[in-house]
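Below is one structure, written out as structure tokens; comments come after it.
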Amino acid sequence: MLNDQGTKNFGAYLDRTLRQVRLDMGRRLKDLKLDITPEQWMILSSLYDNNGQSQSELGDNSFKNAPTVSRIIDLLCKKGLTQRKPHAGDRRRHTIFLTPAGKKIVELAMPAIIATREKGWEGLSDEDYKTFLRIINHIFQNFSE
């Protein structure tokens, strides 16, 4: 399990798994003829759960950096799925809102997203899920210190 440097190669396993999840999700969204990517889904989903967030809140909720979030929001605005509105207290800031078209896309995509999640957990128990979350959160905390 240990490589020549005496470390576990968990990063490659995380990357490999994330790539497969994104591919599956992307295929399912494409099959539904929905013009969104898994990365765009994360922003849309976050707004669906809590509409009217700042770009920094969306970045925190999606674990994406500010330039990436800004680029995704630009694309979603061009598609008419989100809109930027000036922040009430600061003209330099904007609040991002899901449009009715964006809400419809989220609702159409939700079965595909659930199917991806279910596929990932086939053959695993609730206890397995709890263990996974404990471990992945522990690794995250190790790098957040």
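What follows draws every value from the coordinates through simple rules; no lab data is involved. Given the structure is predicted, the values throughout are model-derived calculations rather than measurements. Positions of Cβ are generated from backbone atoms using ideal geometry, with glycine treated the same way; all protein chains shown enter the neighbour counts.
Distant-in-sequence amide contacts of ARG93, defined by a placed amide H-H separation under 5 Å and a gap of 5 or more residues or a different chain, comprise HIS87. With respect to the chain, whose longest principal axis is taken over its alpha-carbon atoms, helix 100-120 is tilted by about 10°. When shorter helices are ignored and each DSSP H run of at least 4 residues is given -39500 (n - 2.57), the per-residue value for the chain at 222 nm works out to -21500 deg cm²/dmol.
Dipole magnitude for the chain: about 740 debye, using +1 per Lys or Arg Cβ and -1 per Asp or Glu Cβ, origin at the Cα centre. For the range 70-145, the set of chymotrypsin sites (Phe, Trp or Tyr not before Pro) satisfying both a DSSP loop assignment and a count of at most 16 other C-beta atoms within 10 Å is given as TRP121. Of (i) 30, 27, 11; (ii) 31, 21, 14; (iii) 24, 16, 14, which one was derived for semi-axes √(5λ) of the Cα gyration tensor in Å from the structure shown? Read-out from the structure maps to (ii).
Against the chain, whose longest principal axis is taken from its Cα atoms, helix 126-144 shows a tilt of about 80°.
Taking the charge dipole of the range 36-112 about its Cα centre, with +1 at Lys and Arg Cβ atoms and -1 at Asp and Glu Cβ atoms, the residue from CYS77, ALA66, ILE105 reaching farthest to the positive side is CYS77. Placing unit charges on the Cβ atoms of the charged side chains and taking the dipole of the chain about its Cα centre, the candidate lying farthest along the positive direction among HIS138, GLY52, GLN20 is GLY52.
Between LEU18 and PHE97, full extension at 0.36 nm per residue minus the direct alpha carbon distance yields a gain of 25.7 nm. Principal-axis analysis of the Cα atoms of the chain puts helix 66-78 at an angle of about 50° to the longest axis.
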